[in-house]
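J.: So that we are looking at the same thing, I have put the structure below in structure tokens.
The values are calculated or read from the model by the stated rules, or taken from the named source; none is laboratory data. Every value quoted in this text rests on a predicted model; they were computed, and no experiment measured them. Because the Cβ atoms are built from the backbone with ideal geometry, glycine has one as well, and the counts that use them run over all protein chains shown.
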């Protein structure tokens, strides 16, 4: 259902509200550069800092601007089942392609609780679901066996996983528990090459917001099995992958966006702070290095 380079969109702010013009401009640029989908209102989109009306507005803008050219995935995860279900229904009404849902963070349910949570969403949400497994943020791991149980019971609902565990071995294990047809998307830019070589189909990427064309080329090289070229692209992107996480995300990303897109504000909402001068220097250097070292031969 999903594949290739799928940027995890930041939410641009200006004068205390959403910068709608910047969001539309950014999304249009990503699509023109070859992105195969976008994820709105996720961690990178500062979803926990958005008011309900802002959340709905971001989804409306993204669906409108994408206009069927690429699918829009909406981040819908919250700490409890009822609120998550409400988010999924709002996303469904906005016209998104799927909901991306993590295990309930802070609560840290056991595997039985995770199954019960996602079963409720499958039965009453009305949207396909991309499982978002990010133990570092939620405090709980959606185990491959649990994932397989959900996919077997609701194959039309649980269509993909954004795997942010950082473990390449999980790709093979999840192919065993969920089937080779289950769509696995990397949630980490730095490990995307190994993830793709192991059977992944794409990446929900932070870096793709800054260098969308290069990120799309990388994914296309992986799709074609040209891992020599993919490695060359990976090598030139690694400094930027690292620089974008020198401080809490999406602070570094928004600074990078302000450097590559005229008029894009680097502002985030508390508790995300403006990045330090040291991080800005690292990001500037990584941007220069990435541009200078990009391979010139084509696929």
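J.: Can you pull out the residues in the stretch 222-241 that are closer than 21 Å to residue 285 by Cβ and either touching a strand residue (DSSP E or B) at 6+ places or on another chain (Cβ under 7 Å) or buried (at least 16 other Cβ atoms within 10 Å of the Cβ) (or both)?
T.: Of everything in the stretch 222-241, those that are closer than 21 Å to residue 285 by Cβ and either touching a strand residue (DSSP E or B) at 6+ places or on another chain (Cβ under 7 Å) or buried (at least 16 other Cβ atoms within 10 Å of the Cβ) (or both) turn out to be 232, 233, 234, 236, 237, 238, 239, 240, 241.
J.: Of the residues 185, 143, 121, only one is surrounded by 15 or more Cβ atoms within 10 Å (Cβ to Cβ) and farther than 18 Å from residue 42 by Cβ; which? Before the answer, list the steps.
T.: Numbers: 185 fails: farther than 18 Å from residue 42 by Cβ; 121 fails: farther than 18 Å from residue 42 by Cβ.
Step by step, each of 185, 143, 121 is checked, and only 143 is surrounded by 15 or more Cβ atoms within 10 Å (Cβ to Cβ) and farther than 18 Å from residue 42 by Cβ.
J.: Restricting to the stretch 195-218, count the residues that are touching a strand residue (DSSP E or B) at 6+ places or on another chain (Cβ under 9 Å), free of Cβ contacts under 8 Å to residues at least 60 places away in the same chain and over 15 Å from residue 33 (Cβ atoms).
T.: Result for the stretch 195-218: 5.
J.: Looking at (1) over 25 Å from residue 24 (Cα atoms); (2) part of a strand (DSSP E or B), find the lone condition where residue 112 falls short.
T.: That leaves (2) as the condition not met.
J.: Which number in (1) surrounded by 24 or more Cβ atoms within 10 Å (Cβ to Cβ); (2) more than 30 Å from residue 119 (Cβ to Cβ); (3) touching a helix residue (DSSP H, G or I) at 6+ places or on another chain (Cβ under 9 Å) marks the one condition that residue 254 misses?
T.: (3)
J.: Test residue 157 against the criterion of being over 22 Å from residue 30 (Cα atoms) and buried (at least 23 other Cβ atoms within 10 Å of the Cβ), and give yes or no. Before the answer, list the steps.
T.: Numbers: over 22 Å from residue 30 (Cα atoms): yes; buried (at least 23 other Cβ atoms within 10 Å of the Cβ): no.
Answer is no for this residue.
J.: Being within 30 Å of residue 145 (Cβ to Cβ) and in contact (Cβ under 8 Å) with a residue 12 or more places away in the chain, is that true of even one residue in the stretch 46-68? Spell out the reasoning first.
T.: Initially, the stretch 46-68 is screened for residues within 30 Å of residue 145 (Cβ to Cβ), giving 47-48.
When the remaining residues are screened for being in contact (Cβ under 8 Å) with a residue 12 or more places away in the chain, the result is 47.
Yes, the conditions are met somewhere in the stretch 46-68.
J.: For the stretch 23-30, does any single residue satisfy the condition of being in contact with a strand residue (DSSP E or B) (Cβ under 8 Å, 6 or more places away or on another chain), modelled with pLDDT of 95 or more and under 29 Å from residue 224 (Cβ atoms)?
T.: If we filter the stretch 23-30 for residues that are in contact with a strand residue (DSSP E or B) (Cβ under 8 Å, 6 or more places away or on another chain), which is where we start, we get 27, 30.
Those left that are additionally modelled with pLDDT of 95 or more: 27, 30.
When the remaining residues are screened for being under 29 Å from residue 224 (Cβ atoms), the result is 27, 30.
Yes; the residues of the stretch 23-30 include at least one that is in contact with a strand residue (DSSP E or B) (Cβ under 8 Å, 6 or more places away or on another chain), modelled with pLDDT of 95 or more and under 29 Å from residue 224 (Cβ atoms).
J.: Follow-up. In the stretch 251-283, what count of residues is obtained for those that are without any contact (Cβ under 8 Å) to a residue 24 or more places away in the chain, more than 20 Å from residue 49 (Cβ to Cβ) and not in a helix (DSSP H, G or I)?
T.: Count: 1.
J.: If you check residue 248 against the conditions, is it without any contact (Cβ under 8 Å) to a residue 24 or more places away in the chain, on the phi < 0 side of the Ramachandran plot and part of a loop (DSSP other than H, G, I, E, B)? Spell out the reasoning first.
T.: Working: without any contact (Cβ under 8 Å) to a residue 24 or more places away in the chain: no; on the phi < 0 side of the Ramachandran plot: yes; part of a loop (DSSP other than H, G, I, E, B): yes.
Taking the combined requirement at face value, the residue does not satisfy it.
J.: Sticking with this one: Go through the stretch 118-210 and tell me which helices (runs of 4 or more DSSP H), entirely inside it, have 3 or more residues that are within 17 Å of residue 74 (Cα to Cα). So that I can check it myself, show each step before the final result.
T.: Values: elements: 135-138, 144-153, 169-178, 192-197.
Here the list is empty.
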